[in-house]
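Below you'll find the structure, written out as structure tokens, and then a few comments.
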Amino acid sequence: MADSWGGTAGSLGRWQAYVNAWVLSENDTHATIRCQAFFHSINWGFDVYGNGTAYVDGEKASSGTVTMYSPYGGTVTQLVATKDLTVAKGGSGRNVWCSATINVTGGYENGSSSAGVNVWVGQRAYYQPHPPRDCSLQRVSDTQQRIKWSPDYTGMDGGYPWAGVYVDRRTDDGSWVNIADVSWDVTNYTDNSTKAGHKYEYRLCAHGPGGNSKHVACGTTYTTPSAPSRVESVKGGATKVTLRVYGAWAYADSWDVQRSANGGSTWTAISAAAEEKGSARLDLRDESAPAGTVVYRVRAKRGSLASAWVKSNSVTTITPPLAPKVTADSVVPTGAAANVSWVPNHPDGSAQSAAQLELVGSETITKPCTTEKGASVTLAKGSWKARVRTKGLHADWGEWSGYVPIVVADYPQCWVASPATDGVLIDAVPLTVQVDAADETGIAQASLTLAEVGGATVATADVTDLKPVSFGSYATIRNGIDYLLTLTVKGGSGLSKKATRRFKTHWAEPAIPVVSLSYDDALACHVKARNGLSAYEIEQTVLVGPMTVDEESSELSMLGTITADGSALALGSASRCSAFTVERVAYGADAVIGRGMLDSQETIDRVPPLNTDYEYRVTGYAENGTSSQITAVANVFAHGMALNFGQDASTVLVLDYNGDYSTSSQRSVETYHFADGGENGDLPVSYMLDELDKKTSLSWEMERNGHDEFMRVMDEQWRGWWRGHAGERAYGPMDFGLSVKKPGVWKGSADLTHNVFEEPING
């Protein structure tokens, strides 16, 4: 109930209107509202006369009259008019305006007062719509299914309105999926998204403000069955064939089977008993297959719908086997078993039921078998031949295979005659090796291999003629290394055998060279090599001679000849070197500076690195080819940089006056933007190519003498070597520049593009 008071009226303001209103009754679609108008006196003691009216939603009741007496100082409320109005409920709730108006016209305290209130009327009630009726499903094609229905609009204008119809579909007994929502006035729907090889079910339900109706089934339809993935025919007896149908369609209700005895030229329909072999396979049995080679084809059916035909392999009804394919060990060592295996050749497709293995040699051996397709037999030494025949379902044996040869023989004998024992020391090269071998079937091939123990192969030789062979030189065979000779001999039988011999090299090396280094103003290094001590002698109490100490192991290496003279050792002279080779070892790279140098001869390294340690490796060679080696540490000190020019790098600019340089490098890169760049923040992806560009820019100051030298270089040279403060080196073409810094001082510059480093020609 809602109520409200109007404003006071009359000259003294001693009365007012009062209204109350409420929903008197209601149902799903309508509500009845009652509104009452009252006259209300306020501490008033006089009679009045007037009228009043009640309003509901703009409709008014008949006016009522009021004659009222109120005792002095009293308060009286008197009903004047009542209005009942039935209003329709809508799709949403609303307020209905109810009011009262009181007029006093009796001549005393005349006036008018009104009051009003809202009464809430809720929305009308809605219920589940009635479901569609008379649903039907029609298969139009594999890709099109049509659904029809009749609507049930009962209560459409009341509590059961339709807003639309949901169409649901289920495929192959899966989950229901909504595929369409059509308007309430639509009575059919065509599904154009189906495919062959499936089962489809449909259902409908109406929906509206009151929710969804119950689902109504429309029916089930099947599209054209899928063809089997494969059909395999297997012979099960003289006249029985089983068709193994793989990928059998789950919703097929029948199968068409046809048979051809002429390679597929003509086909005859047959009846075949069906037997399930799991969800993906069906067996169809032909109990009366004709003699000969037959082939089948099968298709799945559902009512009048049929899949494509799928053809089987051909099978041949019961026949004797053909000759099997036989393989055997061609050569077998004496005492070992010979293995023979075969592959049956049964045109009728039947399995092997028996087999016979025949071996002919110094005697004839027959070995029976059943289903096994191989056998192992130990045979006497000599030549043998083997053959096999098999049996299938047919009562007769099949054809014999051709003979396969087997040789049973002893392994060949072989040995290394010289060196005669393992562990022997070899004190000179070349090494002469003598081998020997024997085999009653003859020597087919013999080879000899020389390799470092645990390392690389040094040399190989064919020694089939069993003649001595010489291996190596001091250039290929190293001193103090364990070596392994391996002799491999293959006999006429085909069997192979190996023999080995292990030895160690140990020969007298020449005296260790003596190396002296010196440096010049052109920042070159002069390397001189000469023979070291080659003879032993006593200086006071110290033994002096050709010997060295390994700094890491502290082992003493003594060169020259060492012989026993009774209980004493006799130390002889070491060989002298007849030639020397000098190599620079820097930054992991070796460069030959001098080759074939004589004793005390000097070679010049014109482009060594500056201000960094590096090494020279000097190798001395004796007349017999033996060698010894020593390394010397070098460091060319410089205040600045150097530029070398000419084929032999003999033209030199020493840049030791306020010189500096910078080097830059750049890789060739391909950069791409890809379609998925959004995932990478729209940034590109770059790939490095196998290209590198490097450039060094240097500058220096010079006075008059340097200026004149540089001018000649600018006129005559275009390519050369640069050596930096900290051991850097580069080679390539140069661009030069010259400017005046101040009177008597010039600034030179050069830009060098790095090429592959080349050593200068050392004459």
Residue 638 long-range amide H proximity, modeled H, under 5 Å: 611
To the nearest Å, what is the center-to-center distance of region 14-61 and region 92-163, using C-alpha atoms only? 28
Any cysteine of the chain lacking a neighbouring Cys Cβ under 4.7 Å - listed by number: 205, 369, 414, 525, 577
Return, for the Cα atoms of region 2-121, the radius of gyration and Dmax in Å, separated by a comma. 15.5, 52
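Of 230, 244, 203, 584, how do they rank once you tally other Cβ atoms within 10 Å and put the fewest first? Before the final figure, lay out the partial values.
Numbers: 230 14, 244 17, 203 20, 584 23.
Ascending number of Cβ neighbours within 10 Å: 230, 244, 203, 584.
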Using only Cα atoms, locate the centre of region 294-324 and the centre of region 610-647, then give the distance between them in Å, rounded to an integer. 85
In Hz, Karplus ³J(HN,Hα) per residue of region 325-336 (6.51, -1.76, 1.60; θ = phi - 60°; x = Gly, Pro): 8, 10, 10, 8, 4, 6, 10, 10, x, 4, x, 8
Tell me, what HN-Hα J-couplings in whole Hz come from the Karplus equation 6.51 cos²θ - 1.76 cosθ + 1.60 at θ = phi - 60° for each residue of region 416-433, using x for Gly and Pro? 8, 7, 8, x, 7, 9, 6, x, 5, 8, 9, 9, 7, 10, x, 9, 8, 10
Pairs beyond 22 Å (Cα-Cα), from 235/277; 381/467; 367/490: 381/467; 367/490
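How about region 336-399: which trypsin sites (Lys or Arg not before Pro) there lie in a loop by DSSP and see at most 15 other Cβ atoms within 10 Å? Working shown, then result.
Values: sites: 373, 381, 385, 387, 389, 391; in loops: 373, 381.
Passing both the DSSP loop test and the Cβ count: 373.
Classify the chain: rounded, prolate or oblate, from the alpha-carbon gyration tensor (a ≥ b ≥ c, eigenvalue square roots; a/c under 1.5 rounded; otherwise prolate if a/b is larger than b/c)? The partial results should precede the final answer.
Details: a/c = 4.44, a/b = 1.60, b/c = 2.78.
Since a/c reaches 1.5 but b/c is at least a/b, the shape of the chain is classed as oblate.
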Apply the Karplus parameterisation 6.51 cos²θ - 1.76 cosθ + 1.60, with θ equal to phi minus 60°, to every residue of region 639-649 and state each ³J(HN,Hα) to the nearest whole Hz, in sequence, with x for glycine and proline. 7, x, 10, 9, 10, 10, 9, x, 4, 9, 6
Counting only residues 5 or more places away or on other chains, whose amide H sits under 5 Å from the amide H of residue 227 once H atoms are built in the peptide plane? 308
Report the per residue volume, in Å³, of the convex hull enclosing the C-alpha atoms of region 390-466. 198
Tell me which aspartates and glutamates have Cα within less than 13 Å of residue 391's Cα, excluding those fewer than 8 residues away on the same chain? 348, 372, 399
So, in Å, what gap is there between the alpha-carbon centers of region 360-435 and region 721-763? 75
Straight-line reach only, C-alpha to C-alpha below 16 angstrom: list the lysines that residue 199 could link to, leaving out same-chain residues fewer than 8 apart. 301
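Under a point-charge model restricted to the Cβ atoms of Lys and Arg (+1) and Asp and Glu (-1), what is the dipole moment magnitude of region 322-409 relative to its Cα centre, in debye to the nearest 20?
Working: 8 positive and 7 negative charges, 30 e Å.
Charge dipole of region 322-409: 140 debye, to the nearest 20.
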Could you tell me how many degrees, from 0 to 90 and to the nearest 10, lie between the Cα long axis of helix 704-716 and the main elongation axis, the longest principal axis, of the Cα atoms of the chain? 80
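With contacts defined as alpha carbon pairs under 8 Å and 6 or more residues apart, what's the relative contact order of the chain in percent?
Numbers: 2041 pairs, mean separation 40.3, N = 763.
Value for the chain: 5 percent.
Name the GluC sites (Glu not before Pro) in region 684-746 that are in a loop by DSSP and that have at most 13 other C-beta atoms within 10 Å, would you?
Numbers: sites: 691, 701, 703, 709, 716, 728; in loops: 703, 728.
Listed in order of number, the matching sites are 703.
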Looking at region 603-703, which trypsin sites (Lys or Arg not before Pro) are DSSP coil and have at most 13 other C-beta atoms within 10 Å of their C-beta? none
If I histogram all Cα-Cα distances within region 230-316 using bins 10 Å wide from 0, what percent of pairs lands in each bin? 18, 56, 24, 2
Just tell me which aspartates and glutamates come within less than 18 Å, Cα to Cα, of residue 504; anything on the same chain fewer than 8 places away is out. 422, 427, 452, 482
What Kirkwood Rh does region 133-222 have if only Cα atoms enter the pairwise 1/r average? Answer in Å. 13.5
Extending each Cα 7 Å along its Cβ direction at residue 190 and residue 658, get the distance between those two points in nm, one decimal. 9.5
Sorted from fewest to most neighbouring beta carbons within 10 Å, what does the list 346, 506 look like? 506, 346
What translational diffusion coefficient, to the nearest whole µm²/s, does region 322-409 have by Stokes-Einstein, given a Kirkwood radius computed over alpha-carbon pairs, a temperature of 37 °C and 0.692 mPa s viscosity? 251
Charges only on Cβ, +1 for Lys and Arg, -1 for Asp and Glu: so what's the dipole of the chain about the Cα centre, in debye to the nearest 20? 4480
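Rule-based calculations on the coordinates, nothing more; no lab input. All values reported here derive from a predicted model rather than from experimental measurement. Glycine gets a Cβ as well: all are built from the backbone with ideal geometry, and neighbour counts include every protein chain shown.
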